[in-house]
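Below is one structure; the comments refer to it alone.
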Amino acid sequence: MSQAPHRLAAIGECMIELSPLDGCSFAMSFAGDTLNMAIYCVRCSDPIQVTVDYITALGDDHYSAAMLQQWQDEGVGTDLIRKIPSKLPGLYLIRNGIKGDREFCYYRSQAAARETFAGAVGDALCEELLNFNTIYLSGITLAILQESGREKLITALRRAHEAGIAVCFDTNYRAQLWPNAAMAKKVIESVLECTWIALPSFEDATTLFGDKTPEHTAQRLRSIGVEEIVVKQGAAGYFLANHDGERYVAIQAVNGVIDTTAAGDSFNGAYLAARLHGVNPVVAAQRGAALAALVVTHKGAIVPSEAMQACDT
């Protein structure tokens, strides 16, 4: 008798991405941190062993329909996507510097995703989360939700943690999305307390929590019960901490960096895909780093599937 696949739910927001071509011309695509992770996780997974569903809210417009079609084409599960009439997806414009660093301008205050967990439909979505084996979200997920919906989600995550469901969390702090840093820290800490795998950047850890070293970040997270930690340090590599100990994972320098958008998201997707297929954390981090190195040599958050080398599963 075949075993059912491991089910992962990714929660968040996908937006319309406009990136400059020349002059006033822009290329349009769809992206969002947790959606990026979901797509890369699917691409690096055997669908017989791992499935990925995306949980968000969309409108009833043309762009929402196009997003839904893209996700389905990528193999992402869409059965729990909420549709809210008269609402629209958020939008952002991206600007890249000469080293691939980027600046964003966001238009998302009325985006449908803010209401993902609103009302009775939101209550039902929270209950659905308890049917998954793994739940993934980010600090951006928390920041964009209406306060009542965010509280529902955090309650659901606590229930999931108590039920043995693995909560995976990337702090992904964006100051402009929060009223102040104190609120962001409080909310993010509440989720870290029920997190199994934490995937923070060291930049976030320094900005929000004042950590001096990746070791300090790992110690802080282990002290509140996080079992597996990957501290991302950009070009400096990764610091891993779990029940097997602690170690740095170095990475090779990447030449030809064009756009660092989704570097962390693609790492997370490949890392989690590997871990869900039974690969050890060190090798999983190496696979994540390899995918991130590929992604940053292309423009946009989601690289063409043909640009990706086959992911080992």
(request) Determine which aspartates and glutamates satisfy two conditions relative to LYS185: a Cα distance under 18 Å, and not lying fewer than 8 residues away in the same chain. (result) GLU147, GLU151, ASP170, GLU193, GLU203, ASP204, ASP211
(request) Calculate the length of the line joining the C-alpha centroid of the stretch 256-313 to that of the stretch 120-135, in whole Å. (result) 27 Å
(request) Evaluate E = 1/(1 + (r/R0)^6) for GLU193 and LEU21, where r is the Cβ-Cβ distance and R0 equals 51 Å; express this FRET efficiency to the nearest 0.05. (result) 0.70
(request) May I ask you to compute the full-extension gain from TYR92 to ASP73, defined as 0.36 nm times their residue separation minus their alpha-carbon distance, rounded to one decimal in nm? (result) 4.5 nm
(request) With both partners inside the stretch 168-260, how many of the DSSP beta bridges are antiparallel, as a percent to the nearest 5? (result) 65 percent
(message) With every protein chain left in place and a probe of 1.4 Å, what is the accessible surface of CYS24, to the nearest 10 Å²?
(response) 130 Å²
(message) Rounded to the nearest 5, what % of DSSP beta bridges with both residues in the chain are antiparallel?
(response) 45 percent
(request) Find the accessible area per residue for the chain; the probe is 1.4 Å, ligands and nucleic acids are left out, and the unit is Å². (result) 45 Å²
(message) If I take R0 = 51 Å and measure r between the Cβ atoms of SER29 and SER148 in this structure, what FRET efficiency does the formula 1/(1 + (r/R0)^6) give, to the nearest 0.05?
(response) 0.95
(request) Report, to the nearest whole %, how much of the accessible area of the chain belongs to carbon and sulfur atoms, 1.4 Å probe, protein only. (result) 51 percent
(request) Could you calculate the contour length gain from ALA4 to ILE258, that is, 0.36 nm times the residue separation minus the distance between their Cα atoms, to one decimal place in nm? (result) 87.5 nm
(message) Given a 10 angstrom Cα cut-off, can you work out which residue in THR116, THR34, THR217 is the most mobile in a GNM of the chain?
(response) THR217
(request) State which helices in the chain qualify, where a helix is a whole DSSP H run, it must extend 15 Å or more along its own axis by its Cα atoms, and its mean Kyte-Doolittle hydropathy must be at least 0.0. (result) 33-43, 119-129, 181-192, 263-276, 281-295
(request) Please calculate the 1.4 Å probe accessible area of TYR107, with all protein chains present, and give it to the nearest 10 Å². (result) 140 Å²
(message) With the cut-off at 30 Å, tell me which of the pairs LYS83/LYS232; LYS186/LYS232; LYS212/LYS299 have Cα atoms farther apart than that.
(response) LYS83/LYS232; LYS212/LYS299
(request) Would you kindly calculate the mean projected area, averaged across all directions, of the convex hull enclosing the Cα atoms of the stretch 182-313, in square nanometres? (result) 8.3 nm²
(request) With runs of 4+ DSSP H residues as the only contributors, calculate the mean residue ellipticity of the chain at 222 nm using -39,500 (n - 2.57) per run, divided by the residue total and rounded to the nearest 500. (result) -11500 deg cm²/dmol
(message) Please report the accessible area of LYS185 (heavy atoms, 1.4 Å probe, ligands and nucleic acids excluded) in Å², nearest 10.
(response) 70 Å²
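The values are calculated or read from the model by the stated rules, or taken from the named source; none is laboratory data. Computed from a predicted model, the values in this text were never measured in an experiment. We place every Cβ from the backbone using ideal geometry, glycine too, and count neighbours over all the protein chains shown. We work out accessible area using only protein heavy atoms, side chains counted, and drop any ligands, DNA or RNA first. Shrake-Rupley method; radii C 1.70, N 1.55, O 1.52, S 1.80 Å.
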